[in-house]
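What follows is a set of notes on a single structure, which appears directly below.
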């Protein structure tokens, strides 16, 4: 028979495993509002890009998006907005939506509440200075949530915008793999996770240039996250 100590150790291990899965899952959140897609029959999709701004790749993405007349949502990191302020301004000027991806991109799962609040507020302030609206959507770094971060987001009345299509472009060997994954998984109301930050994003730029015409041929329109959420809410 297992001793009381062994049972306690097993329970702690299972609890720790459960908290890890809770942090990582995109299907469940304890507090506040989380969205991974929008329920609609309209063929609309939101392209989202994380971890920038990151010249020259963010700039190249802007060129591709402008070529097709598409507006996207960029979940930016605060300290990179400070470092690449002109690129962030250009995103805003071209009509793309800027979302908050924290100031430092640290995992905000076991972090003190005051630090979480500062990570969010610093980046919000930077984006407001660029001209972003008062409602700035948030995306948890790495998608990790657990308990403290969702609680803080609920207090701030912020939606945690995650995704339902993740082609893992940051580790893809080719643009073909990214495009194939998205085309297999996309559906009306999808939020697609891509990355303009984190190093060389040539694959992402090339995949975006191929993906947009494919989706347009299927009858899809592209919207920002805010436009997608407004559609779900039935707003004009």
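The values are calculated or read from the model by the stated rules, or taken from the named source; none is laboratory data. Treat the numbers as computed from the prediction; the structure is a model and nothing was measured. Methodologically, a virtual Cβ is constructed for each residue, glycine included, from the backbone with ideal geometry; neighbour enumeration extends over all protein chains shown.
Condition check for residue 198 on (1) at negative phi; (2) touching a strand residue (DSSP E or B) at 6+ places or on another chain (Cβ under 8 Å): one failure, at (1). For region 61-75, a residue qualifies if it is in a loop (DSSP other than H, G, I, E, B) and free of Cβ contacts under 8 Å to residues at least 40 places away in the same chain, and exactly one does: 69.
Sub-8 Å Cβ pairs linking a first residue in region 88-100 that is on the phi > 0 side of the Ramachandran plot and in contact (Cβ under 8 Å) with a residue 12 or more places away in the chain to a second residue that is surrounded by 15 or more Cβ atoms within 10 Å (Cβ to Cβ) and in a loop (DSSP other than H, G, I, E, B), at least 6 apart or interchain, are 95/71, ordered by first then second residue.
Please go through region 185-198 and pick out each residue that is within 13 Å of residue 49 (Cα to Cα) and assigned to a loop (DSSP other than H, G, I, E, B).
Taking region 185-198 and keeping what is within 13 Å of residue 49 (Cα to Cα), we get 191-198.
Passing the criteria: 196, 197, 198.
Determine if region 55-70 includes at least one residue that is at pLDDT below 95 and within 24 Å of residue 187 (Cα to Cα).
If we filter region 55-70 for residues that are at pLDDT below 95, which is where we start, we get none.
Within region 55-70, none of the residues are at pLDDT below 95 and within 24 Å of residue 187 (Cα to Cα).
Counting residues in region 102-112 that are closer than 15 Å to residue 196 by Cβ and surrounded by 18 or more Cβ atoms within 10 Å (Cβ to Cβ) gives one or more.
Could you tell me whether any residue of region 161-171 is out of contact with any helix residue (DSSP H, G or I) (no Cβ under 9 Å at 6 or more places or on another chain) and over 19 Å from residue 99 (Cα atoms)? Among the residues of region 161-171, at least one is out of contact with any helix residue (DSSP H, G or I) (no Cβ under 9 Å at 6 or more places or on another chain) and over 19 Å from residue 99 (Cα atoms), which makes the answer yes.
If you take the residues in region 151-180 that are part of a helix (DSSP H, G or I) and either surrounded by fewer than 19 Cβ atoms within 10 Å (Cβ to Cβ) or in contact with a strand residue (DSSP E or B) (Cβ under 6 Å, 6 or more places away or on another chain) (or both), which one is modelled with the lowest pLDDT? Before you say what the answer is, go through the steps one by one.
First, the residues of region 151-180 that are part of a helix (DSSP H, G or I): 151-155, 175-180.
If we keep only those that are either surrounded by fewer than 19 Cβ atoms within 10 Å (Cβ to Cβ) or in contact with a strand residue (DSSP E or B) (Cβ under 6 Å, 6 or more places away or on another chain) (or both) too, we end up with 151, 153-155, 176-177, 180.
Values: 151: 86, 153: 91, 154: 90, 155: 91, 176: 97, 177: 97, 180: 98.
Looking at residues that are part of a helix (DSSP H, G or I) and either surrounded by fewer than 19 Cβ atoms within 10 Å (Cβ to Cβ) or in contact with a strand residue (DSSP E or B) (Cβ under 6 Å, 6 or more places away or on another chain) (or both), I get 151.
When you check residue 213 against the structure, is it in contact (Cβ under 8 Å) with a residue 24 or more places away in the chain, assigned to a helix (DSSP H, G or I) and within 20 Å of residue 104 (Cβ to Cβ), yes or no? In short, no. Just one of the listed residues (105, 79, 121) is part of a helix (DSSP H, G or I), in contact (Cβ under 8 Å) with a residue 12 or more places away in the chain and either out of contact with any helix residue (DSSP H, G or I) (no Cβ under 7 Å at 6 or more places or on another chain) or farther than 21 Å from residue 222 by Cβ (or both), namely 79.
Out of everything in region 26-49 that is part of a strand (DSSP E or B) and under 11 Å from the mean Cα position of the chain (by Cα), what residue ends up being modelled with the lowest pLDDT? Talk me through it step by step, then tell me what you get.
Initially, region 26-49 is screened for residues part of a strand (DSSP E or B), giving 34-35, 37, 44-49.
Now narrow it down to the ones that are under 11 Å from the mean Cα position of the chain (by Cα): 35, 46-49.
Numbers: 35: 94, 46: 98, 47: 98, 48: 98, 49: 98.
Looking at residues that are part of a strand (DSSP E or B) and under 11 Å from the mean Cα position of the chain (by Cα), I get 35.
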